[in-house]
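The values are calculated or read from the model by the stated rules, or taken from the named source; none is laboratory data. If you're wondering where the values come from, they're calculated on a predicted model, not measured in any experiment. Because the Cβ atoms are built from the backbone with ideal geometry, glycine has one as well, and the counts that use them run over all protein chains shown. Side chains are part of the model used for accessible areas, which takes the heavy atoms of the whole protein and leaves out ligands, DNA and RNA. Shrake-Rupley method; radii C 1.70, N 1.55, O 1.52, S 1.80 Å.
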Amino acid sequence: MFALIPRSLIVRLSRASRNNLNQKPLIIESVNFLDSKREYHGDILSPSQVLGIDHLRDPRLNKGLAFTLEERQALGIHGLQPARFKTQEEQLELCRISIQRYQEDLNKYLYLTELHDRNEKLFFRLLTENIEALMPIVYTPTVGLACQKFGLIYRRPRGLFITINDIGHIFDVLKNWPEANVKAIVVTDGERILGLGDLGASGMGIPVGKLALYTALAGIKPHECLPIVLDVGTNRQSLLEDPLYVGLRQKRVTGKLYDDFLDEFMEAVVQRYGQNTLIQFEDFANHNAFRLLKKYRDHYCTFNDDIQGTASVAVSGLMASRRITGKKFSENTLCFLGAGGACLGIADLLVRAMVLEGSTIEEARSKIWMFDIDGLLANDRKEGNLEGHKKYYSKDHAPTKDFLGLVNEIKPSILIGASATGGAFTPEIIRSMGEHNERPVIFALSNPTANAECTAEQAYTITEGRCIFASGSPFPPVTVGGKTFKPGQGNNAYIFPGVALGVLTSGIHHISEDVFLLASETVAENVTEDYLAKGRIYPPLNEIPEVSVQIAIKILEYAYKERIATVYPKPKDLRRYVEDQQYNCSYEPSLPNLWAWPKTPYMKTKPLEPTKLKA
Ligand SMILES: O=C([O-])CC(=O)C(=O)O
Ligand SMILES: [Mg+2]
């Protein structure tokens with residue numbers, strides 16, 4: 001089954017090794033080729049199917065100067081690199097020094113993209129070991145800027161662009177993706193990228209960034225991940241007129257054609273990659289997000305991160321806040337600014353949590369007030385719709401557009417914004433929260449940073465350091481009255497990687513709300529008393545990889561208990577089972593083990609003082 005290693009390689013190897021650096025000649029007597037198989041892009045290939053130069057050109061195989069002398073010789077790449085050998089740790093140090101040299105975040109993003117394209121293991125190891133410093137670059141907020149500049153910075157493809165013109169042929173387009181073993185897809189149609197609105201095909205940065213976190217935060221193997229943009233056009237006139245725009249130059253397709261396109265896409269994914277393929281919907285506009293979630297959730301393995309991931313992370317923050325305020329969920333009055341996917345998702349999940357606390361659904365919904373662009377969700381309001389889940393939260397109250405007035409009247413203990421309106425929590429609103437509560441809870445969740453409803457600094461200073469604050473994008477620490485607060489980042493990144501890991505390892509077909517509540521609980525459990533005392537309601541970002549494993553284990557336990565797991569028999573040791581499937585971003589030997597190569601002596605260099613990347 002495995003092709004033999006060509007004799008020419010062996011001859012070249014022996015000749016090269018004779019001439020080299022006092023290295024003893026290598027004598028190859030015989031090789032058991034069956035043992036020389038190894039995984040390449042998830043397929044088993046024999047070494048002869050991969051050319052030597054591919055080991056430098058292919059980011060999956062490339063180790064740069066970490067190829068040992070023996071590897072360089074055997075692979076036929078000896079001489080194609082400078083003489084120096086480096087460990088991965090030395091390479092990481094070079095990466096840290098390099099990235100520090102860039103002033104602008106977009107340039108750091110480009111450096112990391114280039115590293116991702118060049119040396120996959122090094123990229124992921126750098127990311128995993130520097131989450132706090134680099135997550136804001138590969139993800140929110142810089143990824144937003146990268147999407148806005150997509151036409152300018154686009155270099156080489158990553159992910160699939162499927163356009164409305166491909167309707168009828170989506171399966172064929174999927175077949176062009178070179179990986180056979182895709183397990184997780186993040187898909188967007190680019191209509192509501194973060195809080196930035198319609199960016200059309202330029203939204204590709206989002207699935208790419210989210211899937212980078214699948215690997216960096218949950219160890220899901222990169223070749224199992226596929227970013228996809230569904231390009232149905234854009235309604236943003238400036239993009240349609242932008243000579244650099246790379247998407248379809250037409251207005252968005254809507255209605256039946258759009259729905260048929262999505263149906264065909266979902267079916268094609270299952271046909272190509274199987275029914276267990278996880279499909280994460282990301283940054284669809286509200287009018288489609290809820291509708292598509294409802295339509296597909298019982299028929300595909302799918303979830304909507306902006307609705308369910310955001311809900312889960314917000315509820316997790318509220319679970320941790322509960323330990324500070326001492327109040328049950330149902331003892332609060334909640335006020336939401338925004339009534340889109342994120343706010344409705346949070347409200348729905350909270351209602352579920354209150355019901356588990358003992359409230360009825362009606363009692364739970366009565367605690368939640370919502371205010372959208374047309375004012376309070378009020379039964380008698382004339383402007384604005386009360387469609388879908390909005391009607392659950394509509395109140396018998398005079399319609400009003402005065403948000404501050406409403407806050408003064410209902411005196412919420414929890415204020416949550418996901419309105420994509422930067423600064424919407426004015427100082428007066430924050431002051432009112434501080435006046436009516438000993439420990440007001442204020443979440444400004446809109447992304448990226450400029451869209452946050454208030455800054456961390458405003459929230460802490462105006463409430464004299466009493467508020468419990470979280471935001472979607474990161475904010476620097478704030479000092480008030482001699483005490484320093486590290487604002488929590490209530491970002492979906494705490495949730496979706498772990499949920500994906502749990503779903504993939506358990507093989508569950510449908511993802512219920514309870515899965516997201518389990519994830520919320522797991523994140524909240526990782527907030528120590530010590531963190532709480534410092535006002536932190538989320539664990540540090542660096543702890544997410546461990547949190548993801550814990551979420552996956554909880555989902556596995558739940559899946560076996562509820563008999564919805566499809567992986568049998570149940571593994572005895574769930575942690576080990578999960579960890580065994582995770583990606584290893586340390587280098588591995590590039591040659592079959594059985595060729596017991598002598599080890600290259602690494603040149604002794606001055607020990608490195610590790611550069612510390614600043615978050
Ligand atoms: O990407 C993020 O940071 C959170 C998110 O999904 C969004 O804002 O759409
Ligand atoms: Mg999103």
Exposure rank, largest accessible area first [Leu377, Leu244; 1.4 Å] | Leu244, Leu377
Charges only on Cβ, +1 for Lys and Arg, -1 for Asp and Glu: so what's the dipole of the range 411-545 about the Cα centre, in debye to the nearest 20?
-> 320 debye
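Would you mind getting the accessible area per residue of the chain, heavy atoms of the protein chains only, 1.4 Å probe, in Å²? It would help to have the intermediate numbers written out before the result.
Details: 26240 Å² over 615 residues.
Per-residue accessible area for the chain comes out at 43 Å².
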Based on the Cβ-Cβ distance of Glu562 and Lys295, what FRET efficiency does E = 1/(1 + (r/R0)^6) give at R0 = 22 Å, to the nearest 0.05?
-> 0.40
Two-decimal Rg/Rh of the chain from alpha-carbon positions, Kirkwood Rh?
-> 1.01
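Could you work out how much longer the chain between Glu464 and His436 gets when fully extended? Use 0.36 nm per residue separation minus the Cα distance between them, nm to one decimal.
Residue separation times 0.36 nm, minus the Cα-Cα distance, leaves 8.7 nm.
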For the chain, what proportion of DSSP beta bridges, expressed in % and rounded to the nearest 5, is antiparallel?
-> 20 percent
Whenever you get a sec, compute what percent of the accessible area on the range 370-428 sits on carbon and sulfur atoms (1.4 Å probe).
-> 51 percent
Multiply the residue gap between Leu257 and His509 by 0.36 nm, knock off their C-alpha separation, and tell me the result in nm, one decimal place.
-> 88.0 nm
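Quick one: ranking Asp166, Asp305 by accessible area, 1.4 Å probe, largest first, what do you get?
So the residues, ranked largest to smallest area, are Asp166, Asp305.
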Percent RCO, i.e. relative contact order, over the range 275-389, from Cα pairs under 8 Å lying at least 6 residues apart | 22 percent
Dividing the surface of the Cα convex hull of the range 429-496 by four yields a projected area in nm² of 4.5 nm²
Cα-Cα separations in the range 168-265 greater than 17 Å, expressed as whole percent = 57 percent
Once you have a ≥ b ≥ c as the square roots of the Cα gyration tensor eigenvalues for the range 383-495, tell me rounded if a/c is under 1.5, and otherwise prolate or oblate according to whether a/b is larger than b/c.
-> oblate
Would you list Val186, Val253 from the most to the least accessible area, probe 1.4 Å?
-> Val253, Val186
Please give the contour-minus-distance gain from Ile373 to Gln81: 0.36 nm per residue of separation, less the Cα-Cα distance, rounded to one decimal in nm.
-> 99.2 nm
Given the protein chains as shown and a 1.4 Å probe, how many square angstrom of Glu387 are accessible, to the nearest 10?
-> 130 Å²
Over the Cα atoms of the range 90-238, what is the Rg over Rh ratio if Rh follows Kirkwood?
-> 0.97
Express in whole angstrom the spacing between the alpha-carbon centres of the range 121-185 and the range 308-374.
-> 33 Å
Taking a crude spin-label model, label points 7 Å out from Cα along the C-beta direction, the Lys149 to Glu90 distance in nm is 3.3 nm
Going by alpha carbons, how many degrees (0 to 90, nearest 10) lie between the helix axis of 427-436 and the longest principal axis of the chain?
-> 70 degrees
What accessible surface, in Å², does a 1.4 Å probe find on Asp530, ignoring ligands, DNA and RNA and rounding to the nearest 10?
-> 90 Å²
Given a cut-off of under 8 Å on Cα pairs at least six residues apart, what relative contact order in percent is computed for the chain?
-> 14 percent
Solvent-accessible surface (1.4 angstrom probe) belonging to Tyr531, in square angstrom, nearest 10 | 40 Å²
Sort the following peptides by mean Cβ neighbour count (other Cβ atoms within 10 Å, averaged over residues), highest first: 566-572, 533-539.
-> 533-539, 566-572
If each of Lys483 and Glu546 carries a label point 7 Å out from its Cα toward its Cβ, how far apart are those two points in nm?
-> 2.6 nm
According to the square roots a ≥ b ≥ c of the eigenvalues of the Cα gyration tensor, what is the shape class of the range 270-418, taking rounded for a/c under 1.5, prolate for a/b larger than b/c otherwise, and oblate for the remainder?
-> oblate
Rounded to the nearest Å, the spacing of the alpha-carbon centers of the range 203-258 and the range 418-470 is 31 Å
With a bin width of 5 angstrom, please list the P(r) values of the range 309-357 as percents of all Cα-Cα pairs, from the 0 bin to the one holding the largest distance.
-> 5, 21, 32, 29, 11, 2
Expressed as a whole percentage, what fraction of the accessible surface of the range 246-314 belongs to carbon and sulfur atoms when a 1.4 Å probe is rolled over the protein heavy atoms?
-> 52 percent
Taking the Cα atoms of the range 534-598, report the difference between the largest and smallest coordinate on each principal axis, in whole Å and largest first.
-> 51, 41, 14
